[in-house]
Amino acid sequence: MRQLVGDNDPGIGMGIGMGVGMGVGMGVGMGVGRGKGVGRLPELDCAGRPFFWKLADLGGRAQTPRRSQSRASRCLRHRGGAASFQKKGRNMAFEALEISIQAVAAMRAPVEKLRTRNASLYKQILEAGSSLPLNLSEGRRRVGQDRLHHFRIAASSAEESHTGLRVAVAWGQLQAREVEPALKLLDRVLRILWKLTH
């Protein structure tokens, strides 16, 4: 960290910092007093962009940075999190997609019986069951909040399909043994999606 140091005689200490967020701003602090004046130049983040640090007190006391973590620890966490998703997140998303397609296949026969027994529930489970793998597939190709959004929709669709099958059993329109394989597969998908969204 570079410092700007004044004389011990009455003088002026100046620090300039630049911050980048939604826009770019520049702050200039100036003070007059006895002692050494210290101003901190901007520190770069993991991407090489400057953080905005408050200017040090010109009476010789350095102010505490707004962030308590060191740049090294911040970068390590940032890069480690990205690497973690690359290694585990993508594999989990692929696994969830394959299991969700198996779940759709397991639902096909029992759900087809609902076409004449409960047309409304049949349509609802059909749409939710189709939404599950489709959103998982799309989410795998998205990034950031977009990816998380699709994974959350997929989780909601899996939950809706799971509950729809249980409701059909509760109404006596399907047998529990008919939907058990599909419910187990949906449970597996939900567990993976929970990890991907939390």
Pairs of lysines in segment 86-190 (C-alpha under 23 Å apart; 8 or more residues apart or interchain): 4
Extension gain, V167 back to E127 (0.36 nm per residue minus Cα-Cα distance, nm): 12.8 nm
Total charge of the residues flanking I125 in space, meaning their Cβ is under 15 Å from its Cβ, with Lys and Arg +1 and Asp and Glu -1, is +1
Taking the mean number of other Cβ atoms within 10 Å as a proxy for protection, how do you rank 122-134, 106-118 from highest to lowest? 122-134, 106-118
Given a Förster distance of 35 Å, report the FRET efficiency between D146 and A176 from their Cβ-Cβ distance, rounded to the nearest 0.05. 0.35
Quickly work out the W194-to-K113 label distance, labels modelled 7 Å from Cα along the C-beta direction, and quote it in nm with one decimal. 2.9 nm
Once amide H atoms are built 1.01 Å from N in the peptide plane, which residues 5 or more positions from L174, or in another chain, come under 5 Å H to H? V169
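The numbers here are math on the coordinates, done by the rules we state, and not lab data. Source: prediction; values computed, not measured. As a convention, Cβ positions derive from the backbone with ideal geometry for all residues, glycine included, and neighbour counts pool all protein chains shown.
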